[in-house]
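What follows is a set of notes on a single structure, which appears directly below.
The values are calculated or read from the model by the stated rules, or taken from the named source; none is laboratory data. Just so it is clear, the structure is predicted and the values come from calculations on it, not from any experiment. We place every Cβ from the backbone using ideal geometry, glycine too, and count neighbours over all the protein chains shown.
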Amino acid sequence: MKYMIALMLAGTATPAFAQDHGHNHSMPMQPADPQDAEEAAEEEGSGEDASPPSSAMPMDHSQMDHGAMDHQSMQPQGEGSPEMPQPMGQSPVDHSQMDHSQMGHGSMDQSGVVDDQAGGEMDHSAMGHEAMAMDIPSGPPPASAGSGPARAADAIWGVEAMRESREQLRDEQGGQTYFWFQGDRVEYRAREGSDGYLFDLQGYYGGDLDKFWFKSEGEGSFGEKIESAEVQALYSRAIAPFFDFQAGIRQDFAPLDRTYAVVGIQGLAPYLFEVDAAAFLSDKGDLTARIEAELDQRITQRLVLQPRVEASFSAQDVPELGIGAGLDTVEAGLRLRYHFAREFAPYIGIDQEWRIGQSADYARAEGEDPSVTNYVVGIRFWF
Amino acid sequence: MQAINRRKFLGSSIVAGGLFGATAAMPAWARGGNMNGATIRQGFDEVSGRNIDLTIARGPRIVQGRSGMGVAVNGSVPGPLVRLKEGDPVNLNVTNALDEDSSIHWHGLLVPFQFDGVPGVSFPGIRPRQTFTYEMPAIRQAGTYWWHSHSGLQEQAGHYGPIIVDPTGPDPVQADYDYVMLLSEFTPMHPHTIMSKLKKGEGYFNYQQRTLTDDYPLTGEERRMWAEMRMMPTDILDVTGSTYTYLANGHGPEEGLEYLFSRGKRVRIRVINGSAMSFYNVRIPGLKFWVVAADGLNVRPVEVEEFQIGTAETYDIVVEPTGEAHTIVAESMDRSGMAVATLASRPGARAPVPALRDPPLLTMADMGMAGMGGMAGMEGDMSGMDHSAMGHGTSPPDGMDMSDSGDGSSEGAMAGMAGMSMGGMDMRDTSRLPPDVKVSPGIDMVAMNPQDRMGDPGIGLDKVPHKVLNYKDLVALEPNDDLRTPSRQMEIHLTGNMERYMWSFDGEKFSAVSDEPIRFAYNERVRVKLVNNTMMAHPIHLHGHFFELVNGAPADRQPQKHTVVVQPGGFAQFDLTADEPGDWAFHCHLLYHMHAGMFQIVTVAQEAGQPDVQRVGESG
């Protein structure tokens, strides 16, 4: 940049930078403009005040007009005349709007009188941009832009020297993997008869789209053998902005050792419901399914009420597991938790389980109540 | 901190540069003393001359009683003010005393690409215990810039500092005092921990979310709509005052940073946003001031009462304080905290510090649906946008017929909005994207009706009752030297998925396209349109160049910048003359967005034998 003007100025001017910039108009790089001299003279007269001289306006106008006309006459596609058909269906009217809006806008800016946030002004200039953009063709870079990867630094520092940093750059701008472990529900369950416990854990290791996902759930009553325990190992692939497809295996350790193939989806449904739905095919050929949905309803920034429902289904009776065909079990819970930190939130709540239909009959046959109410206290945590 | 008036400033730099060389100004530890372990100082020294030594080292930091580990240059955060002289060459000798690679990028300086300081793009980086010399030829510009690490996430930990290049002639900006106000953040968290929390815990740092008990001016219908979209109207900044202490020159708001002045004198403040993740609203309650330079280059003075500064931008302001003291407030855009300094007519003089204003909410325009009907209660300049939206249903480069798009998008959308319902509106209509954008789960939104938001003052500032700077106010003081109409235009789409914390250009993280740079022919002039398909503002920075904002200013006065904020759901255009050969980083300057993949390489190819054109700052 050139500061000759500032030099010229140094002799004449008070520190008013309004004058400074006025003078810059007559810089050598400026296309000769007969108004310049006049301008400068005017500004010297009025520049005592610190505000930008409004006398700068007329010149701006002329520059703008000029520029707009240049654009029209220099259209790269050779559309010299506004009457010629134009690819975008642009009419001559638009061109005149463009000129007009640019003039108007420029003068408004400089006057400092009109609030720039006034809607009308924004609109007009936006129109101007659009119209101008139409004159510029879209397209790929010319052949002289070259092709292939960016390797300019190799010529200076050497291929070997650059390789490691290049790989690191790639990995550090989007190629990372993360490990996440969550105890969604780890709770004590007070209920009629002997109290129980439940754990519901999950986590992943992987990148943004592909992950190894694991889940584990189990519950039981204190003083008794664990009632159910399972672990799932899944490949998880993002298939939509808010949903992952998951597939893998599930191994049950209680009540019976049994292995399942798993296919499911997990994610965030509209209205912010966290949903996890999966179908399971056991090594005995039994087909079952489970769907869970929970909603975090913030009461304050740290107090969260979480309604939660879970339902399981079966395609057939599985008597050894107490599963009846059709709707098998339904569980509805309401948990109120307090986030001491995002990662650590103790909660209290109530959780109701129903066994339905044939499942209820199996339960009664075992001497169990098909409907159980749990009063829970637990923690939700992740790291 | 530095509080020296301009004349003394110049004087001291002459002494340091001319008589003793840079080492004379350096503390003992920087000449071989123990660098690790010493507590990092707040505020900065000045280094100048033809040979400048900088040393990067780790150490403990304490800010307002909070402590953490930091990465400091020459023992302070910010690191020293690097004071250069236009027209002079300089050697910058950077020693890395860390246990990991490091680097310094000279943000905004026009330098040979191999000295731009981006490991993996411009050079291999600086190894532990290695000294690397950046051999800069004659500096081709003057103004306010800054430097920072481009390695890992060191910038968050304190590896940054200001640059001032003094002009060869008298400065068109005349002021009696000349100060730097470098805005940044302190956090005791490790930067990698922050990244990890952002990836795992959506909204982790946001303690201003919608709740059942909030007092946001949202109707039930609007709340339902946001929930349906699975988006947060309060998603203004990813990392907030919940962990950050906002800093001015390394000092927390309660640590009393002072700029002394005499009444009736002019004070120039070079405001640099050297933060990792923060936009700031800067104001001096009760005073109007002039914005005189943007991103280092002078603009016609604009009188404002407030401006929003995006990450990595710089604005120079000139103010004539009138009272005994004035508070300079740099409030984070989400209003979760502020950096504070005082213009003081005597040491210790103080003015009241205003309370944080209410947090802003995203608007229809931020959702990319500007002008698609008035959502009562949503803050946003609907009246201002309606007309333009109707006139320009889609961007012409898509080659779509204007009348069709008008019927298809605007009216259909209006009908939908009339019932205050999002029903029938597709927030992610990927058919609106050009074919070179890769559609994947990494895109959670497509701006339905992106508008040119150059005239937008920034999130949360559209309704304040005083004049706020916007890009349309910027008019270059010096005429631009390339007045060619661009020979082509291109679009780059800013894309992301807030829930997964994925950020990218054109749907592809850098890790997926690291060998497919954005290419320009040498000396090619291109209009680049950045379309923001996210609900966050992104400060997009191109290394090694200035580009001209297409902001309605006359062609020869389009302001030149190195960083442009693209407002949510909108677009911004710039004209680029690709006259700096080599490979250059091009990225979102929100540190964790870049780290997530919103990064590309721009290659400017100079063919063998192709003559150099005269470049910015080179005299013919």
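With respect to being surrounded by fewer than 21 Cβ atoms within 10 Å (Cβ to Cβ) and either touching a helix residue (DSSP H, G or I) at 6+ places or on another chain (Cβ under 9 Å) or farther than 24 Å from B:P172 by Cα (or both), B:E221 fits the description.
So that you can scan it fast, the table gives a plain yes or no per residue for (1) surrounded by 22 or more Cβ atoms within 10 Å (Cβ to Cβ); (2) in a loop (DSSP other than H, G, I, E, B); (3) of a type in the set (D, E, K, R):
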site: B:S440; (1), (2), (3): no, yes, no
site: B:D444; (1), (2), (3): yes, yes, yes
site: B:G460; (1), (2), (3): yes, yes, no
site: B:N480; (1), (2), (3): no, yes, no
site: B:G496; (1), (2), (3): yes, no, no
site: B:R519; (1), (2), (3): no, no, yes
site: B:R527; (1), (2), (3): yes, no, yes
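All told, B:R268 meets the bar of being part of a strand (DSSP E or B) and out of contact with any Leu (no Cβ under 7 Å at 6 or more places or on another chain). Give me a count of the residues in the range A:247-282 that are more than 14 Å from chain B (Cβ to nearest Cβ) and in a strand (DSSP E or B). Of the residues in that region, 22 qualify.
Among the numbered conditions (1) in contact with a Pro (Cβ under 7 Å, 6 or more places away or on another chain); (2) within 13 Å of chain A (Cβ to nearest Cβ); (3) of a type in the set (G, A, S), the only one that B:G609 does not meet is (1).
Looking only at residues in the range B:534-552 that are part of a loop (DSSP other than H, G, I, E, B) and in contact with a Pro (Cβ under 8 Å, 6 or more places away or on another chain), the one that is nearest to the other protein chains (Cβ to nearest Cβ) is B:N551.
Note on the range A:223-236: residues that are surrounded by 16 or more Cβ atoms within 10 Å (Cβ to Cβ) and either within 14 Å of another protein chain (Cβ to nearest Cβ) or more than 15 Å from A:A277 (Cα to Cα) (or both) total 3. In the range B:498-517, of all residues being over 30 Å from B:M229 (Cβ atoms) and at the interface with chain A (Cβ under 7 Å from one of its Cβ atoms), the one that is surrounded by the fewest Cβ atoms within 10 Å (Cβ to Cβ) corresponds to B:D515. Scanning the range B:94-109 for residues that are surrounded by fewer than 24 Cβ atoms within 10 Å (Cβ to Cβ) and within 12 Å of chain A (Cβ to nearest Cβ) yields B:E100, B:D101. The helices (runs of 4 or more DSSP H) falling completely within the range A:89-206 that include 3 or more residues that are at pLDDT 90 or above and crowded, with 20+ Cβ neighbours inside 10 Å map to A:159-172. Restricting the range B:226-263 to residues that are among the acidic types (D, E) and out of contact with any Ser or Thr (no Cβ under 6 Å at 6 or more places or on another chain) leaves a set whose member that is nearest to the other protein chains (Cβ to nearest Cβ) is B:E228. Checking each residue of the range A:283-299 against the condition of being of a type in the set (S, T, Y), assigned to a strand (DSSP E or B), surrounded by fewer than 19 Cβ atoms within 10 Å (Cβ to Cβ) and more than 22 Å from the chain's Cα centre (by Cα) gives no match.
For the range A:235-244, the count of residues that are assigned to a strand (DSSP E or B) and more than 27 Å from B:T534 (Cβ to Cβ) is nonzero. The single condition among (1) of a type outside the set (A, V, I, L, M, F, W, C); (2) surrounded by fewer than 18 Cβ atoms within 10 Å (Cβ to Cβ); (3) touching a strand residue (DSSP E or B) at 6+ places or on another chain (Cβ under 9 Å); (4) not in a strand (DSSP E or B) that B:E135 does not satisfy is (4). Check the range B:503-523 and report whether any residue there is closer than 15 Å to B:A585 by Cβ, among the hydrophobic types (A, V, I, L, M, F, W, C) and touching a Pro at 6+ places or on another chain (Cβ under 8 Å). Checking the range B:503-523: at least one residue is closer than 15 Å to B:A585 by Cβ, among the hydrophobic types (A, V, I, L, M, F, W, C) and touching a Pro at 6+ places or on another chain (Cβ under 8 Å). The set of residues from the range A:252-280 being surrounded by fewer than 17 Cβ atoms within 10 Å (Cβ to Cβ), more than 22 Å from A:K211 (Cα to Cα) and either of a type outside the set (A, V, I, L, M) or free of Cβ contacts under 8 Å to residues at least 24 places away in the same chain (or both) comprises A:F253, A:P255, A:D257, A:P270, A:Y271.
Would you please name the residue that is surrounded by the fewest Cβ atoms within 10 Å (Cβ to Cβ), looking only at residues in the range B:303-315 that are more than 19 Å from B:H543 (Cβ to Cβ) and more than 8 Å from chain A (Cβ to nearest Cβ)?
B:E305
Just one of (1) touching a Ser or Thr at 6+ places or on another chain (Cβ under 9 Å); (2) aromatic (F, W, Y); (3) surrounded by fewer than 20 Cβ atoms within 10 Å (Cβ to Cβ) trips up A:W213, so point out which. Condition (3) is where A:W213 drops out. For the range B:462-478, filtered to residues that are more than 8 Å from chain A (Cβ to nearest Cβ) and surrounded by fewer than 21 Cβ atoms within 10 Å (Cβ to Cβ), the residue that is modelled with the lowest pLDDT is B:K463. When residues in the range A:326-353 are screened for being over 24 Å from B:Y204 (Cβ atoms) and crowded, with 18+ Cβ neighbours inside 10 Å, 5 of them pass.
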